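> Okay, here's the structure, questions in a sec.
The values are calculated or read from the model by the stated rules, or taken from the named source; none is laboratory data. Predicted model only: the values in this text are computed from it and were never measured. Counting neighbours? That spans all protein chains shown, and the Cβs are built from the backbone with ideal geometry, glycine included.
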């Protein structure tokens with residue numbers, strides 16, 4: 001397998017797939033760590049299950065750009081959220097890699113983003129989208145903007161980045177596998193189950 005890039009829109013579970021692949025032991029990424037379990041514990045403390053708005057505060061982002069030309073002993077793993085925001089840079093990062101697009105339906109994505117105050121519900125994105133004061137009205141507008149029940153950016157990502165594989169979040173959670181990749185090890189299965197347990201109740205119903 002080549003170097004891998006995960007592409008996703010905010011609120012679609014990108015970090016789930018990111019740590020899942022790191023736990024295979026076959027990749028290196030632009031994060032410095034001695035023990036991947038410690039890294040996961042730092043980003044996904046058990047307290048998130050009762051404090052969903054804290055999810056973004058714990059995110060540990062890999063440094064993709066500087067890592068692109070770094071020599072490694074394993075294949076590289078890149079994680080790109082909202083790839084169309086900085087298209088040229090992200091095309092460069094994902095060049096000559098196996099690209100995986102992770103997505104979910106608009107209702108699940110909105111619910112995950114709302115609970116975690118991510119993507120559409122951050123201050124910067126609310127300003128960018130000229131969000132109304134009412135979250136209920138805002139959510140209705142987001143639903144209306146969807147294409148075939150998906151974030152409209154999903155189609156744009158497909159057109160610009162030509163992912164090698166597109167994975168629906170719910171399908172991945174059920175199978176815990178990625179087509180063309182090795183079957184999951186025990187650590188990977190445990191992590192996926194743990195990630196799901198941390199989700200707010202309304203998110204779990206959609207997943």
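> I'd like to check something: does the stretch 123-139 contain any residue that is touching a residue at least 24 places away in the same chain (Cβ under 8 Å), surrounded by fewer than 22 Cβ atoms within 10 Å (Cβ to Cβ), out of contact with any strand residue (DSSP E or B) (no Cβ under 7 Å at 6 or more places or on another chain) and under 18 Å from residue 167 (Cβ atoms)?
no
> For residue 64, only one of the following conditions fails: (1) at pLDDT 95 or above; (2) within 23 Å of residue 189 (Cα to Cα); (3) surrounded by 20 or more Cβ atoms within 10 Å (Cβ to Cβ). What is its number?
Evaluating residue 64 over (1) at pLDDT 95 or above; (2) within 23 Å of residue 189 (Cα to Cα); (3) surrounded by 20 or more Cβ atoms within 10 Å (Cβ to Cβ) leaves (2) as the failure.
> Here's a follow-up. Restrict the check to the stretch 166-185 and report whether at least one residue is surrounded by 15 or more Cβ atoms within 10 Å (Cβ to Cβ) and more than 17 Å from the chain's Cα centre (by Cα).
Looking for residues that are surrounded by 15 or more Cβ atoms within 10 Å (Cβ to Cβ) and more than 17 Å from the chain's Cα centre (by Cα), one finds at least one in the stretch 166-185, hence yes.
> With the structure loaded, tell me whether residue 108 is part of a loop (DSSP other than H, G, I, E, B), surrounded by 13 or more Cβ atoms within 10 Å (Cβ to Cβ) and modelled with pLDDT of 95 or more or whether it fails that test.
no
> State the number of residues belonging to the stretch 150-162 that are in contact (Cβ under 8 Å) with a residue 24 or more places away in the chain and either surrounded by 13 or more Cβ atoms within 10 Å (Cβ to Cβ) or touching a strand residue (DSSP E or B) at 6+ places or on another chain (Cβ under 6 Å) (or both).
9
> Which residue pairs have Cβ atoms under 9 Å apart, sit 6 or more places apart or on different chains, and have a first residue in the stretch 163-188 that is at positive phi and part of a loop (DSSP other than H, G, I, E, B) and a second that is modelled with pLDDT under 95 and surrounded by fewer than 16 Cβ atoms within 10 Å (Cβ to Cβ)?
From residues that are at positive phi and part of a loop (DSSP other than H, G, I, E, B), the pairs are 180/1.
> Also, I was wondering about something else. How do the pairs read when you match residues in the stretch 50-61 that are under 17 Å from residue 196 (Cα atoms) with residues anywhere that are surrounded by fewer than 13 Cβ atoms within 10 Å (Cβ to Cβ), using Cβ under 9 Å and keeping only pairs 6 or more apart or on different chains?
Listed pairs, sorted by first residue: 54/47; 58/42.
> Now, a different point. Can you tell which of 85, 79 is buried (at least 22 other Cβ atoms within 10 Å of the Cβ) and closer than 20 Å to residue 161 by Cβ?
79
> Which one of the conditions (1) touching a helix residue (DSSP H, G or I) at 6+ places or on another chain (Cβ under 9 Å); (2) surrounded by fewer than 18 Cβ atoms within 10 Å (Cβ to Cβ) does residue 4 fail to meet, given that it meets all the rest?
Going through (1) touching a helix residue (DSSP H, G or I) at 6+ places or on another chain (Cβ under 9 Å); (2) surrounded by fewer than 18 Cβ atoms within 10 Å (Cβ to Cβ) one by one, residue 4 breaks only (2).
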